[in-house]
Amino acid sequence: MPLPPLPDSAVVLGATASSWRDALGAAGGALVSSGAATEPYTDAMIALVEEHGPYIVISPGLAFAHARPGPAVLRDGLSVVTLAEPVTFGHPHNDPVRVVLGLAVAGVGTHLESIGEIANLFNDASVTGRIAAATTADEVRAIMGVSA
């Protein structure tokens, strides 16, 4: 299954965040702006990190925020936030974070497939740095191989 589209409204470049909660708020806000989710989805992403720790920091400099499918997800959606200054999530090896991905998936079956697609994309260790340095949404989409 390909990744969901990444409209301009779901890309935030050079965001300012003073904490990991602010960084997740930006990723969730981009999902809301794009019409993929409602505000409670952002709260759910934050709650999972509060409960389980910084497991979403999946590689150096990259956080992959998501929550379970549910009523706060309106449609499948992806968001990308780059941070003007890296933020510490508390991960012992992969902090600080420069790029935050947000994923909202409407169906349980496609949830794991989308996570797998993200993992495959970031097997290339250069992808996080290239996204962090991107200056346009088009550049981010080209790096990730997704449509608008």
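The values are calculated or read from the model by the stated rules, or taken from the named source; none is laboratory data. Values in this document were obtained by computation on a predicted structure and should not be read as measured data. Cβ placement follows ideal geometry from the backbone for every residue including glycine, while neighbour counts extend to all protein chains displayed. Ligands, DNA and RNA are excluded from the accessible area calculation, which covers all protein heavy atoms including side chains. Shrake-Rupley method; radii C 1.70, N 1.55, O 1.52, S 1.80 Å.
Mind checking which pairs have a first residue in segment 15-30 that is in contact (Cβ under 8 Å) with a residue 40 or more places away in the chain and open to solvent by 30 Å² or more (accessible area, probe 1.4 Å) and a second that is in a helix (DSSP H, G or I) and of a type in the set (Val, Ile, Thr), Cβ under 9 Å, 6 or more apart or different chains? Listed pairs, sorted by first residue: 20/46; 20/49. Within segment 93-134, being more than 14 Å from the chain's Cα centre (by Cα) and closer than 11 Å to residue 58 by Cα holds for 93, 94, 95, 123.
Residues of segment 46-59 being open to solvent by less than 20 Å² (accessible area, probe 1.4 Å) and under 23 Å from residue 141 (Cα atoms), which ones? 56, 57, listed by residue number. When the residues of segment 95-115 are filtered to those that are at pLDDT 90 or above and among the charged types (D, E, K, R), the one that is surrounded by the most Cβ atoms within 10 Å (Cβ to Cβ) is 98. Only residues that are in contact (Cβ under 8 Å) with a residue 60 or more places away in the chain, more than 18 Å from residue 10 (Cβ to Cβ) and among the aliphatic types (A, V, I, L, M) were counted in segment 98-123, giving 1.
Taking residue 84 as the residue in question, decide whether it is in a strand (DSSP E or B) and exposed (fewer than 15 other Cβ atoms within 10 Å of the Cβ).
On the way: in a strand (DSSP E or B): yes; exposed (fewer than 15 other Cβ atoms within 10 Å of the Cβ): yes.
Considered against the rule, which asks whether it is in a strand (DSSP E or B) and exposed (fewer than 15 other Cβ atoms within 10 Å of the Cβ), residue 84 comes out as yes.
The residue pairs whose first member lies in segment 38-66 and is without any contact (Cβ under 8 Å) to a residue 60 or more places away in the chain, whose second member is open to solvent by 50 Å² or more (accessible area, probe 1.4 Å) and in a strand (DSSP E or B), and whose beta carbons are closer than 7 Å, counting only pairs six or more residues apart or on different chains, are 64/58. Would you be able to say whether some residue in segment 125-135 is open to solvent by less than 60 Å² (accessible area, probe 1.4 Å), modelled with pLDDT of 95 or more and in a loop (DSSP other than H, G, I, E, B)? Yes, some residue in segment 125-135 is open to solvent by less than 60 Å² (accessible area, probe 1.4 Å), modelled with pLDDT of 95 or more and in a loop (DSSP other than H, G, I, E, B). Listed by first and then second residue, the pairs with beta-carbon distance under 6 Å, at least 6 apart or on different chains, first residue in segment 124-143 and touching a residue at least 12 places away in the same chain (Cβ under 8 Å) and under 13 Å from residue 82 (Cα atoms), second of a type in the set (D, E, K, R) and not in a helix (DSSP H, G or I), are 132/98.
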